[in-house]
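Visitor: Pasting in a structure now, in C-alpha cells, and then I'll have a few things to ask.
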Amino acid sequence: MVKIPVNIGTNKAEIDLNENAVYRIRDGNIEKVDTPGEGFGKQIITWQNGKPSHYEITYTKK
C-alpha cells in the first residue's frame, strides 16, 4: 500500500492520471491499493460502518 501525500492546507492530493490504479480514501487519507500479481486478479474492498475497512487481493495464473 502506497500513501499519497495530502496538502493539509487545501485538503487535496495529486495523483498520476497516466497510471492505472485504484485508490482508497479513508478519514482524509488516500492510499493506492496494491495491484494483483501475475495473470488475472481482483481487488475486494470491504466496508464497515460506511468506511472502507480493509481489502483483499487475489490473482489466478493460467
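Visitor: Can you pull out every residue in segment 25-62 that is among the β-branched types (V, I, T), modelled with pLDDT of 90 or more, in contact with a Gly (Cβ under 9 Å, 6 or more places away or on another chain) and surrounded by 12 or more Cβ atoms within 10 Å (Cβ to Cβ)?
Guide: Once the filter is applied, which keeps residues that are among the β-branched types (V, I, T), modelled with pLDDT of 90 or more, in contact with a Gly (Cβ under 9 Å, 6 or more places away or on another chain) and surrounded by 12 or more Cβ atoms within 10 Å (Cβ to Cβ), segment 25-62 yields only I57.
Visitor: On to the next question. Can you find, within segment 46-62, the residue that is farthest from the chain's Cα centre (by Cα) among those that are polar (S, T, N, Q) and over 21 Å from G28 (Cα atoms)? Reasoning before the result, please.
Guide: Just the residues of segment 46-62 that are polar (S, T, N, Q), to begin with: 46, 48-49, 53, 58, 60.
Next, from what is left, pick out any that are over 21 Å from G28 (Cα atoms): 58, 60.
On the way: T58: 14, T60: 20 Å.
Among those residues, the one meeting the criterion is T60.
Visitor: For residues that are polar (S, T, N, Q) and out of contact with any Gly (no Cβ under 9 Å at 6 or more places or on another chain), scanning just segment 1-18, find the one that is farthest from V33 (Cα to Cα). Even if it seems obvious, please write down each step before you answer.
Guide: So in segment 1-18, the residues polar (S, T, N, Q) come out as 7, 10-11, 18.
Filter once more, so that each one left must be out of contact with any Gly (no Cβ under 9 Å at 6 or more places or on another chain): 7, 10, 18.
Working: N7: 20, T10: 23, N18: 16 Å.
Of everything passing the filter in segment 1-18, T10 is farthest from V33 (Cα to Cα).
The values are calculated or read from the model by the stated rules, or taken from the named source; none is laboratory data. Keep in mind that this is a model prediction, so the values were computed, not measured. So basically every Cβ, Gly included, is an ideal-geometry build from the backbone, and we count neighbours across all protein chains shown.
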